[in-house]
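As structure tokens, the structure follows; a few thoughts come after it.
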Amino acid sequence: MILPNIKSAIKRVKVNAKKNLRNRMIKSAMKTNVKKYESAVAAGNADAALLSATASAIDKAAAKGVISKNAANRKKSRMAKRLAKAEA
């Protein structure tokens, strides 16, 4: 990686790398939760508690700015619809 010569630009590179790592960790954890939920729904083992835990992970990602609030609400809504459809 090539670092710039200007002190403030060097700091920006370091800060951006740190924030990128944090965002990737949060997004990865959220995706893992969503995949667990999707596989549980497909297997017919999904319940409201699992939906709640997954929604919590999505809300945390939205609160930290990793995904937008609208995207979080859209994901949660689609998951709730899938659960209702599976239970019916």
The number of residues in the range 34-88 that are surrounded by 12 or more Cβ atoms within 10 Å (Cβ to Cβ), more than 19 Å from ASN23 (Cα to Cα) and among the basic types (Lys, Arg) is 4
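Mind checking which residues of the range 1-48 are within 30 Å of ARG78 (Cα to Cα) and small (Gly, Ala, Ser)? I'd like the intermediate steps shown before the answer.
Here is the first cut: in the range 1-48, the residues within 30 Å of ARG78 (Cα to Cα) are 19-48.
Once the filter is applied, which keeps residues that are within 30 Å of ARG78 (Cα to Cα) and small (Gly, Ala, Ser), the range 1-48 yields SER28, ALA29, SER39, ALA40, ALA42, ALA43, GLY44, ALA46, ALA48.
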Among the numbered criteria (1) under 16 Å from ASN73 (Cα atoms); (2) modelled with pLDDT of 95 or more, which single criterion is violated by LEU51?
(2)
Just to check your reading of the model, which residue among VAL41, VAL66 is outside any loop (DSSP other than H, G, I, E, B) and either among the β-branched types (Val, Ile, Thr) or within 11 Å of the chain's Cα centre (by Cα) (or both)?
VAL41
When the range 1-33 is checked residue by residue, the ones that are part of a helix (DSSP H, G or I), loosely packed, with under 12 Cβ neighbours inside 10 Å and of a type in the set (A, V, I, L, M) are ALA9, VAL15, ALA17, LEU21, MET25
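The values are calculated or read from the model by the stated rules, or taken from the named source; none is laboratory data. This structure is a prediction, so every number in the text was calculated from the model and none was measured. For neighbour counting, all protein chains shown are included, and Cβ atoms are generated from backbone atoms with ideal geometry for every residue, glycine included.
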